[in-house]
1. When you scan the range B:329-343, how many residues do you find that are surrounded by 24 or more Cβ atoms within 10 Å (Cβ to Cβ), of a type outside the set (Ser, Thr, Tyr) and in contact with a Phe, Trp or Tyr (Cβ under 8 Å, 6 or more places away or on another chain)?
2. Answer yes if at least one residue in the range A:376-385 is part of a loop (DSSP other than H, G, I, E, B), within 10 Å of another protein chain (Cβ to nearest Cβ) and either surrounded by fewer than 22 Cβ atoms within 10 Å (Cβ to Cβ) or among the basic types (Lys, Arg) (or both), and no otherwise.
3. Tell me, please, whether a residue that is among the polar types (S, T, N, Q), assigned to a helix (DSSP H, G or I) and farther than 20 Å from A:VAL319 by Cβ can be found in the range A:259-278.
4. Which of (1) at pLDDT 90 or above; (2) surrounded by fewer than 24 Cβ atoms within 10 Å (Cβ to Cβ) does B:ALA229 not meet, given it meets every other one?
5. Can you name every residue in the range A:448-464 that is surrounded by 15 or more Cβ atoms within 10 Å (Cβ to Cβ) and either touching a strand residue (DSSP E or B) at 6+ places or on another chain (Cβ under 9 Å) or at positive phi (or both)?
6. For the range B:122-145, which residues satisfy the criterion of being assigned to a helix (DSSP H, G or I) and more than 17 Å from A:VAL462 (Cα to Cα)?
7. Provide a single number: the residues in the range B:215-244 that are without any contact (Cβ under 8 Å) to a residue 24 or more places away in the chain and either assigned to a loop (DSSP other than H, G, I, E, B) or in contact with a helix residue (DSSP H, G or I) (Cβ under 6 Å, 6 or more places away or on another chain) (or both).
8. Looking for something within 14 Å of chain A (Cβ to nearest Cβ), outside any helix (DSSP H, G or I) and small (Gly, Ala, Ser) - is there at least one such residue anywhere in the range B:169-192?
Amino acid sequence: MLTLANLMAILPLIIVAATAIVVMLGIAWQRYHAATAIVSAAGLVLALLSMPLASAAQSSPPLMIMDGLAIMGSVLVLLCALVTVALSHHYLAGYIGPREEFYLLLLCAVTGALGLVASNHLATLFISLELLSMPLYGMLAYSYRAERSLEAGIKYLILSAAATAFLLFGMALVYARTGSLDLVGLATELVTSPDVWSLAGAVLMLVGLGFKLSIVPFHLWTPDVYQGGPAPATIFLATVSKLAVFVVVVRLMMTAPVFDSDWLRVLITVLALLTMLGGNLLALFQQNLKRLLGYSSIAHFGYLLVAIVVGGTLAAETVGVYLVTYLIATLAAFGVVTQLSSPFGGEDAAGLHHYRGLFWRRPWLAAVMTVSFLSLAGIPLTAGFIGKFYVLVLGVSDGRWWLVGGIVAGSAIGLFYYLRVMVTLYLPEPGMRRMDAPNDWGNRIGGLTLLVVAVLVLMLGVYPTPMIDWVAELPMIGF
Amino acid sequence: MILVWLILIPFIGGLLCWQAERWSHQAPRWIALGTMLFVLVISVVVWLTGDFAPASANSSQWLLQWRAPWIPRFGVEIHLAMDGLSLVLVALTGFLGLLAVLCSWQEISDRVGFFHLNLLFILGGVVGVFLALDLFLFFLFWEMMLVPMYFLIALWGHSGSAGQTRIRAATRFFIYTQASGLLMLVSIIALVFVHYSNTGELSFGYDTLRGTDVPEPLAFWLMLGFFIAFAVKLPVVPFHGWLPDAHAQAPTAGSVDLAGILLKTAAYGILRFALPLFPEQSAAFAPVAMFLGLVGIIYGAVLACGQQDIKRLIAYTSVSHMGFVLIALYSGSELAIQGAIVLMVAHAFSTAALFILSGQLYERIHSRDMRVMGGLWGRLPVLPGFTLCFVAASLGMPATANFVGEFMILFGTFPGAPMVVVVASIGLVLAAIYSLLLMQRVHFGSEYRSGLLAGPDRREYGIMLVLLVLTLAVGLYPQPLLDTTAAVAGPVAELFTGSAELAVRAGEVN
């Protein structure tokens, strides 16, 4: 039965959903861009403020759970969404056509993501995942007059639907074998050695979720969708969506013993190696920054899979730290793309040539970009290094030398394209410049957010203890 | 606290330089000059006041220490410490930093502020490497100094004949060193976890990890991880691919820093970390390392003879000289290790001088190609004379510091490995050949063009004179330098003999 205490646990989710309704009614009454953005941001802030209440709640509603993993996931989802809203406002200012619905879609997707990280039952898992994905189709195809955006939306829709079919089939197989859909039930039913059917179910579910995380060989959609979608939608896809799905994968692996079999571990090891190397190799000669970041995110989730392979408390901590470092670096990198592309004027400024000599025009923007790329490359004194350090520690402490070798090789390859982008920022300016950020970008709310994120990348690189403490103190597995 | 300031001052100075460009073009140069002078003065004061007697039972090994907790989750501390060796190298960094600022006074004319930011960040990182005693911190500085070096080469470097070669050279430098650095990080982490499973204490501290009992096949691999990271930077021959390009394309200040101090970080790393952490494995590995050193000496010298580009020639001579250092470090003889330290200092002076001279030549004739030089002795006042002096130093002429270093290395290594010394001596002959070749092709012979070139101004004259005086001073009276570092070389040499004795004793027991 639902009680008030139960509802407290999902208070953030309720607040975000309510904000979505308010925004919808507001749009129906009168269109006003700035107010919509402010209401959305206020709703997200309110949800963030209610997080302490939610984590203090004694019990969770049925089908859901508010353990450390869910709390960490929710906080990160809300923060990323907030940054996305801040960056979207200026970006959409120049869009011809309805602007306000973007926030509505975004809030719906955030609701889905919040449900996903807290789901404790295959039904909630599935519904939340769809609630996260459906608005994303709309967001990606939002500037539907641009051919690439439409292409991105439709491509994501079709491939995502196929992946969903895999996921459902896998769930059906597991259900047929065990007769229960909640994760705890699954865990107890599957204690005995897993048979072919439950393994097949697990693998199919992995395919479905691996698609959303763009694990090689399910990564083919990533570069096209990253390139085509409007920058804020891509940010959302690269951060919130991937983060929420990864949290669910972690939860599945840690709860259900079927995912614990050695055979599956070997499979995931191979996938992790393929993903790290594949993502980095494919990025090598990219000329389009958004595609490049897409491939880079593939590689980063390859590193993260190490945590799935190893498992245990340290792995949960690694997931938390690595996700934080990946998210802030990605937000900063895409944030610069958004700043340069806004206000919306057709295609985003994604070609590398747009960034040539940026440092001599917009030194601070180029500095933000440099910091974020250094962090993605895992260079010391940025947050990315702490993340990479954690993954290496995890691999070494468990003696997974293949994965450690993969990380080292992947990082070395990755440097090539990260450096290529960074040096482009500082090269002498060419005569032509088509895209530029407005002069007062730093005074706008989006620009300020971007600077804060960049400072965070540096601060967590120099003094990571607060982040580590925060992640380490969350009781990760509440089962 | 002095140690913290030694690291922080260059970083703060760098940021100031960046912003100072708004005021005037010259401001960053003066700020950078002041910053490096500050570092140099601090280290000289510490030198004059310090006590470098070998550590006795009640006194610490370290002259100065500073520690503070940093990442308690992994037992990482900010632990800085200085002994004679670090002091010498920090002072060297300050001095060469000063030269690097001075020699780019005319050469760098655009983006002056950002240039000096990168230059000072490199120097700050190098000082950090020399002072860090926590392995995590050491690795951090080790990797951190690569980024500004990358920008220095990629943005202010000379383009070679074909388009984008300076960016390619910079990228290659970065990837070589970063990838090998990650191998070292893996080794560090593995060492920490072996120590953790032995004692239950998670720590990256140098003193804590020394003497960790690592099971055998693993220990060898970990030692190799450290060795490869340092071998790439030194460079040891199969890993030297980045060096000639990086040196040739870098601006003069970059070459001075690279040859003068960045290469020394590798020798320092071997001396401070690779040998003491894995004494037995290193002793077993010593023949291989010495062989690689020999290959480096001969290979570097032979290739130097065939270069057309003056900076590439000097770069290859570095490979050759570092081969001597590598042999000395693995010889297990106190005399040879002290010789290696002297040679490191001497090489920093002579190579920096040669790079600065070739930079000054470039400013006058706009080429580094020796085919378009020749007969400069008649056309250019003063500088050819200086070149002759430093070429003589580079080939190890008595009375120069290089002679002292090479002589001590060969003398110290001989009792343990006579064959190595015999082969290494061939390198000395080759050194004479490439040095004279350089002199002949640049300054003598028929004049390629006629017309008098501008002589050195007071700044250039001063740089050369100071370097010359230092080279001769160390060459004629090396005792102060030897006294400062004596306390370091002894224990490292004992590690080898100690582990050899242990092996003998183990054999007797069996």
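The values are calculated or read from the model by the stated rules, or taken from the named source; none is laboratory data. In this text, all values refer to a predicted model and were calculated from it rather than measured experimentally. Cβ coordinates were reconstructed from backbone atoms using ideal geometry, including for glycine residues, and neighbour counts include every protein chain displayed.
1. Qualifying residue count, the range B:329-343: 5.
2. The answer is yes; a qualifying residue exists.
3. Filtering the range A:259-278 down to residues among the polar types (S, T, N, Q) leaves A:261, A:269, A:275.
Subsequent filtering for residues that are assigned to a helix (DSSP H, G or I) retains A:269, A:275.
Among the residues that remain, those that are also farther than 20 Å from A:VAL319 by Cβ are: none.
For the range A:259-278, residues among the polar types (S, T, N, Q), assigned to a helix (DSSP H, G or I) and farther than 20 Å from A:VAL319 by Cβ: absent.
4. Here B:ALA229 meets the rest and fails (2).
5. Correct list: A:PRO464 only.
6. We begin by selecting, within the range B:122-145, every residue assigned to a helix (DSSP H, G or I); these are B:122-131, B:135-144.
Listed by number, the residues that qualify are B:ILE122, B:LEU123, B:VAL126, B:VAL127, B:PHE130, B:LEU131.
7. 1
8. Within the range B:169-192, the first condition is being within 14 Å of chain A (Cβ to nearest Cβ), and the residues that meet it are B:169-192.
From the residues that got through so far, the ones that are outside any helix (DSSP H, G or I) too are none.
No, the conditions are met nowhere in the range B:169-192.
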